[in-house]
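Written out below as structure tokens is the structure these notes cover.
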Amino acid sequence: MSWRITFLGSVSATREGKALTRFESSRAIALLARLALFPRRTHPREELIELLWPEVEREVAQVRLRHTLRTLRQPLELGLPAGSVLIADRLSVRINPDAITTDVAQFEQALKHKDLATARTLYTGELLPGLYDDWIIEERYRLEALAEILLPSVLSTPSSGEVRADREEGRRGTSRGDGPKGRGDGLSFPPYLTAFFGREAEREAITEQLTRSRLVTLTGLGGTGKTRLSVEILRSTGSTFAISAFVGLGECIVAGQIPGRIRDVLGLPAVSADPLEQVAWALTDAPALLILDNFEQLVDSGGAELVEVLLARLPQLTLLVTSRRALGIAGERLFPLESLSTEASQALFLDRVQATRPGFHLTEGNRADVLAVCQGLEGIPLALELAAARIRAFSVSEMRQELQTRFEWLARTGLRGDKDDRHRSLAAALDWSWRLLPGSQQRFLANLALFRAPFSAADAAAVTGYPDARERLEALVTDSLVQSASDKVSGQTRYSMLETVREFAVSRLSDGSEARVLFRKHYLTRSHRDQNTVTAWRYALEDDDGESAHAFVPHLAFNVTGLLGTQARDMLERTLALPCTDPRLRMLAAHRLAETFLRANERTKALSLMDEIAAALEDAGAPDALLAETLSCQAHIGLFDAPKEKTFALIERCLCLTTDSFIRAETLGMKGGLLCQTPDFEDAEAIFDEAQQLYALDDSGQRHLYIHRGLLERRRKNYEEALRLYQTATELAQRAEDPMTYKFAQSNAVEILGFLGRWDEAIQAGLACLDMEEILGDRHNLILVLWNLALPFLELGEPERAARLIAAASATWMREVRPLTDEDADEIEDIRAKLAIRLDEATLTKLWAEGEALTLKEALALARTTP
């Protein structure tokens, strides 16, 4: 039985009574949708990376794609043979079309067979709500257009029906013989001599909207290509109207100038009569389409009201308005224009570069730089054209390096440099939008530029000091300077800015230091931690605010590494380089830094750092509560490499000094973990029971305790129970967004799956772990997971890969961690004996030597290689 996947209205997958409604991330949903909506297609990995992670470095994006594939594969192929749903090789990914059905495919089939009742039932809402990838928006508009054309009762409103009726009634009239010029009479367009790229979906969607609405406003940031797109639409659709014209309003200052400008474009004589009356007379009897371009400066000076008058008096008139701001009148249909897709951005950039340097071509040597420039300029056509025009002065590689100073060099030069004031530079394009804002709104936008990740209206109010932040944000969305989207989990509206807008706005921040103080104060009190919390920590470091910088470490807790990955070490080292009067905060920062040393296999450095901190606190006569917490942290680091006697002594002393329930529970958990490595299993279990009584139900330690108990059952060889405990810890960690506990539980589960002979599952879980460990920079666990993958690969008929992996893992372990224990050596000998059954001695010796010579990065690549 196949999976039935729904994408309309909500996302879920069902099969044989089992339902999946929660996915790891929005990227997992987007990947599943891309594969399932185009099931007959093989998707190149590079294409998926560009679609899903367009702004992430290629190597990181590759890791994320592998990880996301595995998080989808685990639930979709549970109980099924590997590859039965998702089929992947080194270059591409596809979905088995026989393994899935989708509501989208069923909806389109129903329309094709004119089964409108079924189609109506299937169309339960927009495609993939809450996701705003370019290709998803294109598909969303396409499906919405189908629904609105063929199923008007699903989406139409009474006003849209009235509009259609008005138009049909008007089209029965005839045009005046002495009226304005039509398209056939040589009406002119802006003189574009360059090729037009992309926007196929937008053109189709807007053209469709113009058949259903008499007022469509194309909004967007300055430089996004609104004017050019409107011209292309007029070229392709103008012939369906008796009269069509492009009316540029860039030089108009007040709304009263609009009628005269329309009159001039239509070729009407400039007589003494009111130009509005002339325009109304000329357009009364014929279907007409007017493009009103660059309307934003006229909205508040009566322009919106004039549009209402025109539409009321001329029932056959249709208007396509381009504006950085919405008009805000009844019947207006907004079409926000987003940035170009990555593919269209590169095509546009290359075309404009070749206009100046005909010999320039995309090569393997410059491909990464071209992609980085196009992504760094966020697909804004004006920015791409300005960058391409500087190819004589900057190589593409130099442009990539200068992206942080984009406003300094993205300007027109030479004879044409001063012809178009608003588009002469990227800064000028944004400055025009800036000058249209009132002073208080300018200050509000500048303060918003401190955010580096999506934020809520409440966040904006706290950081900017404006209690009416929501209303101000709505106005900025209308002005195309801020973007909004609904969070798919919470349903809360989240706001963000293009980096180009953010950089421009932050340069207008008059008192950045005071605003940054408010920003970090807010994020030190906010319970939910995200990338803005990390940004606030960075601001504290940049402003040399040691007290706040140290305070962010316990506030972020396990998210220090979860949100920062390999950057955590640098941030922690910079934090400890600043002064702080709170010894506890310094100790906690040192503990987190020691953890990063452990993950890098710098074990001696980690132990020394905690020993120094503990000694300093002892010498300073620190209170017992602080000493106990320090001893617990010191013991935690010592678990990995310190002599067991020393770690036991630290634990016992901590337990004597503290009455704090959480610290006692954490410390008891560590003690039980150490006892698991001895025959005292009963004592370990009793200690775990005591720890559990001390933990609150929602304590993070509950998750740790499941891992400790899993180790105990592993030592008892109760593998099924050990796996259950690790899986419970994984689920709790995922629910709490705790990546560190999640990865520890998962990596331990890999070993247990091997003990249980569940080889396929072991490999899938192991490869998923490699992705996460690499993102978090944990060399120690990377080696362990590689070690645990060797036996599953051997049992599944890949002895050559298994031999190289176990040799690489054991050699790296001895080189970076410590000598092998007797148990480690016995395990390696067992695997080598099994390899000797399948390989002759010469081949095994050769493969072993090859494995020992591999770097960790090469060993990871070997594990991920598709056979």
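The values are calculated or read from the model by the stated rules, or taken from the named source; none is laboratory data. Predicted model, so just to flag it, every value in this text is computed and none were measured. Every residue, glycine as well, gets a Cβ built from its backbone with ideal geometry; the counts of neighbours run over all protein chains shown. Heads up: the accessible areas ignore ligands, DNA and RNA and are worked out on the full protein's heavy atoms, side chains in. Shrake-Rupley method; radii C 1.70, N 1.55, O 1.52, S 1.80 Å.
Miscellaneous remarks
- Amide proton proximity set for residue 334, modelled H, under 5 Å, gap of 5+: 217
- Rounded if a/c under 1.5, otherwise prolate or oblate - region 459-498, Cα gyration tensor axes: oblate
- Seen against the Cα atoms of the chain and their longest principal axis, helix 226-237 is set at about 60 degrees.
- Share of alpha-carbon pairs per 10 Å distance bin for the chain, given as whole %: 2, 10, 17, 21, 19, 14, 9, 5, 2, 1, 0
- Of the residues 246, 455, 662, the one with the largest accessible area comes first in the ranking 662, 246, 455, computed with a 1.4 Å probe on protein heavy atoms.
- Close amide H pairs (under 5 Å, H built 1.01 Å from N) link residue 92 with 45, residues at least 5 positions away or on another chain.
- By accessible area, using a 1.4 Å probe on protein heavy atoms only, region 198-256 has 52% of its surface on carbon and sulfur.
- The length gained by stretching the chain between residue 313 and residue 18 to full extension, at 0.36 nm per residue less their Cα-Cα distance, is 100.4 nm.
- Karplus-derived 3J(HN,Hα) values for region 492-508, using 6.51 cos²θ - 1.76 cosθ + 1.60 with θ = phi - 60°, are 6, 6, 10, 10, 7, 10, 4, 4, 4, 5, 4, 5, 5, 5, 5, 6, 9 Hz; glycine and proline are entered as x.
- Heavy atoms of residue 394: accessible area, 1.4 Å probe, square angstrom to 10: 40
- Whichever aspartates and glutamates have a C-alpha closer than 19 Å to that of residue 605, once near sequence neighbours (fewer than 8 apart) are set aside: 570, 573, 595, 641, 778, 816
- Here r is the Cβ-Cβ distance between residue 124 and residue 528 and R0 is 41 Å; the resulting FRET efficiency, rounded to 0.05, is 0.85.
- On a per residue basis, the chain carries 44 Å² of accessible surface, using protein heavy atoms and a 1.4 Å probe.
- Charge-dipole axis of region 627-745 as Lys and Arg at +1 and Asp and Glu at -1 on Cβ define it, positive-most pick from 654, 736, 723: 723
- Sulfur and carbon atoms: percent of accessible area, region 582-717 [1.4 Å]: 53
- Proximity of backbone amide H atoms, modeled 1.01 Å from N, is registered between residue 12 and 6 at under 5 Å, excluding neighbours fewer than 5 places apart on the same chain.
- Counting only protein chain heavy atoms and rolling a 1.4 Å probe, the accessible areas of 586, 140 rank, largest first, as 586, 140.
- Shape call, region 32-86: gyration tensor on alpha carbons, a/c limit 1.5: oblate
- Helix axis angle, 26-37 relative to the chain longest principal axis, alpha carbon, degrees: 70
- Relative contact order (%) - region 244-402, alpha-carbon pairs under 8 angstrom, separation at least six: 19
- Set of aspartates and glutamates near residue 846 by C-alpha distance (under 12 Å), chain-local residues within fewer than 8 positions excluded: 800
- Taking every alpha-carbon pair under 8 Å whose residues sit at least 6 apart, region 629-712 reaches a relative contact order of 27 percent.
- Estimated purely from DSSP H runs of n ≥ 4, each contributing -39500 (n - 2.57), the mean residue ellipticity at 222 nm for the chain is -18500 deg cm²/dmol once divided by its residues.
- Rounded if a/c under 1.5, otherwise prolate or oblate - region 713-806, Cα gyration tensor axes: oblate
- Solvent accessible area, Å² - residue 494, 1.4 Å probe, full protein context: 40
- Over region 1-160: Kirkwood hydrodynamic radius from C-alpha pairwise inverse distances, Å: 16.6
- Taking the Cα atoms of region 577-713, the ratio Rg/Rh between the radius of gyration and the Kirkwood radius comes to 0.97.
- For region 205-250, the Stokes-Einstein estimate of translational diffusion at 20 °C and a viscosity of 1.002 mPa s comes to 184 µm²/s, using the Kirkwood hydrodynamic radius over alpha-carbon pairs.
- Nearest-ten-degree value, helix 779-795 long axis tilted from longest Cα axis of the chain: 80
- With every protein chain in place, region 746-810: carbon and sulfur % of accessible area (1.4 Å): 48
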